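For reference, the structure is listed below as structure tokens.
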Amino acid sequence: MPSQRSYHDPCGIARALDRVGERWALLVVRELLLGPKRFTDLRAGLPGASPNVLSQRLRELETCGAVQRRLLPPPTAVMVYELTPWGRELEPVVLALARWGSRAVPLPQGELSVDALMIALQTTFDPAASAGLSARLELRLGAERFRVMVERGQLEISRGPCQVPDAVVSADVTRLRAVAFGKRDLARARRARELGVEGDLGVAARVLSLFRRPAPASPVAPAP
């Protein structure tokens, strides 16, 4: 087994948790959903995990066949971690957990990682609000680049620059999160130089208006 602890239960749920149920394991998967990363990139996305713990989780995920290492070709020639085809099958599981967990209260303080914000956009996308929209947006978050494609009521986000985007939005995670979830108006944020927009401002505003925070889960009062 990849972990020293096991439920010793033949149920598929228990067998899955034997492999990805340790602390930080599914968050490592989250950080790899949009593409390969170096160890240092994973550390940046998971600052609460110590290097030793992160290394251990990666070894366990490699052992169980969910993650693999790959040496990028020259001139880069660096080692990256990426999901295997079996590991990629965790994507709908992680997205479903994100949708379920986004209704939990209270909301913890702190900021999202870059990849966690991209996952949040995927799980809060409102297809009905995108009716009639066909758009290509590039998001620049520090050194990170993401392609955001909206077409026929579907959203696709992938890592990397966008070829011939309708608009490019440059921001940090905090300001992009505020705009996407309605706490800050895009035009005002741009005038205040909190973020930058190149290209079609209307398209950028429309795309960034397609995300809806879910209603908080109503706590159930304990029985008297």
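Non-local amide H neighbours of Thr84 (under 5 Å, H modeled in plane, Pro and chain starts lacking H): which ones?
Val67, Gln68
Please build a GNM for the chain, connecting alpha carbons under 10 Å apart, and tell me which residue among Val93, Val148, Val78 fluctuates the most.
It is Val78.
Relative contact order for the chain: what is it in percent, counting Cα pairs under 8 Å that are at least 6 residues apart?
It rounds to 15 percent for the chain.
Normalised by the residues of region 12-101, what does the relative contact order come to in percent, with Cα pairs under 8 Å and at least six apart?
30
Would you compute, from DSSP H runs of 4+ residues alone, the mean residue ellipticity of the chain at 222 nm, taking -39500 (n - 2.57) per run and dividing by the full residue count, rounded to the nearest 500?
After summing the helix terms and dividing by the residues of the chain, the value is -10500 deg cm²/dmol.
Just in region 81-160: which GluC sites (Glu not before Pro) are loop by DSSP and have at most 15 other Cβ atoms within 10 Å?
Numbers: sites: Glu82, Glu89, Glu111, Glu138, Glu144, Glu151, Glu156; in loops: Glu89, Glu111.
Of the GluC sites (Glu not before Pro), the ones in loops of region 81-160 whose Cβ has at most 15 other Cβ atoms within 10 Å are Glu89, Glu111.
Tally Lys/Arg at +1 and Asp/Glu at -1 over every other residue whose Cβ is under 15 Å from the Cβ of Thr123; what's the total?
So the surrounding residues net to +2.
Please state the relative contact order of region 114-207 as a whole percent: Cα pairs under 8 Å, 6+ residues apart?
It rounds to 25 percent for region 114-207.
For region 12-101, with the dipole built from +1 on Lys and Arg beta-carbon atoms and -1 on Asp and Glu ones, taken about the Cα centre, which of Leu71, Pro92, Gly21 lies farthest toward the positive end?
Positive-end residue among those listed: Leu71.
Could you tell me which label, among (1) 1.06; (2) 1.11; (3) 0.94, carries the value of Cα Rg over 2.2 N^0.38 Å calculated for this structure?
Step by step, Cα Rg over 2.2 N^0.38 Å for this structure corresponds to label (2).
Placing unit charges on C-beta atoms (Lys and Arg positive, Asp and Glu negative, everything else neutral), compute the dipole magnitude of the chain about its Cα centre in debye, rounded to 20. Numbers along the way, then the final one.
Working: 32 positive and 23 negative charges, 79 e Å.
Magnitude of the dipole: close to 380 debye.
Values in this text are rule-based calculations from the coordinates and carry no lab data. Since the structure is predicted, the reported quantities are computational estimates derived from the model, not experimental observations. Neighbour counts run over all protein chains shown; Cβ positions are idealised from the backbone, glycine included.
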